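Beneath this line is the structure, given in structure tokens, with notes to follow.
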Amino acid sequence: MLESLTLQSCILSCLDLSESPGLRRLDLEFFNSSPRKYDPSKYPSKDDYQVMMQTMLENLQNVEKLTVVLNFLQMLSVAEFHGVPFPTLKVKTLTLKTTILQSAVPGIAKLLQNSPELTNIILGNPLKRNKKNNIVVILI
């Protein structure tokens, strides 16, 4: 049974965690909603994108330790804007490896609102090289 997963590169349309209900830790180091080479036929439509986001969020319901980066948070913001339903998550420790940009704020807010069991938020700026001063831990 898969309990921990780190993905250093992931395309949303390829991520299927439906067979991993026991997944407790997920680290998304780089996240993309579409293939690298531009091919319009391979980009998801708005409806497909919303279905993929909803499915992915449902797959995250049992994850207790979640690490996300800026582009994932921006995708959550877009999903929030388009009314994609967010399930309640069991996240206890949320690590944000990102600078905080306005485009990520709605995604961060939705993650916080839908994680009632959250006890730790770890903020890390990926642009700072000094790891000692790079991490802020917030205990709730």
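The values are calculated or read from the model by the stated rules, or taken from the named source; none is laboratory data. Since we're looking at a predicted model, the values are computed, not measured. We place every Cβ from the backbone using ideal geometry, glycine too, and count neighbours over all the protein chains shown. Areas reflect the complete protein model, heavy atoms only, side chains present, ligands, DNA and RNA absent. Shrake-Rupley method; radii C 1.70, N 1.55, O 1.52, S 1.80 Å.
A few remarks follow.
- Tyr43 passes every criterion in (1) modelled with pLDDT of 80 or more; (2) farther than 16 Å from Gln113 by Cβ; (3) surrounded by fewer than 17 Cβ atoms within 10 Å (Cβ to Cβ) apart from (1).
- One residue alone among Thr55, Thr88, Thr67 is assigned to a loop (DSSP other than H, G, I, E, B) and either modelled with pLDDT of 80 or more or β-branched (Val, Ile, Thr) (or both), and that residue is Thr88.
- Selection count, region 98-108, where residues are in contact (Cβ under 8 Å) with a residue 12 or more places away in the chain, surrounded by fewer than 20 Cβ atoms within 10 Å (Cβ to Cβ), of a type outside the set (Val, Ile, Thr) and outside any loop (DSSP other than H, G, I, E, B): 2
- Residue in region 64-75 that is hydroxyl-bearing (Ser, Thr, Tyr) and within 23 Å of Leu5 (Cα to Cα) present: yes
- Count of residues meeting criterion [closer than 16 Å to Val63 by Cα and open to solvent by 40 Å² or more (accessible area, probe 1.4 Å)] in region 77-97: 3
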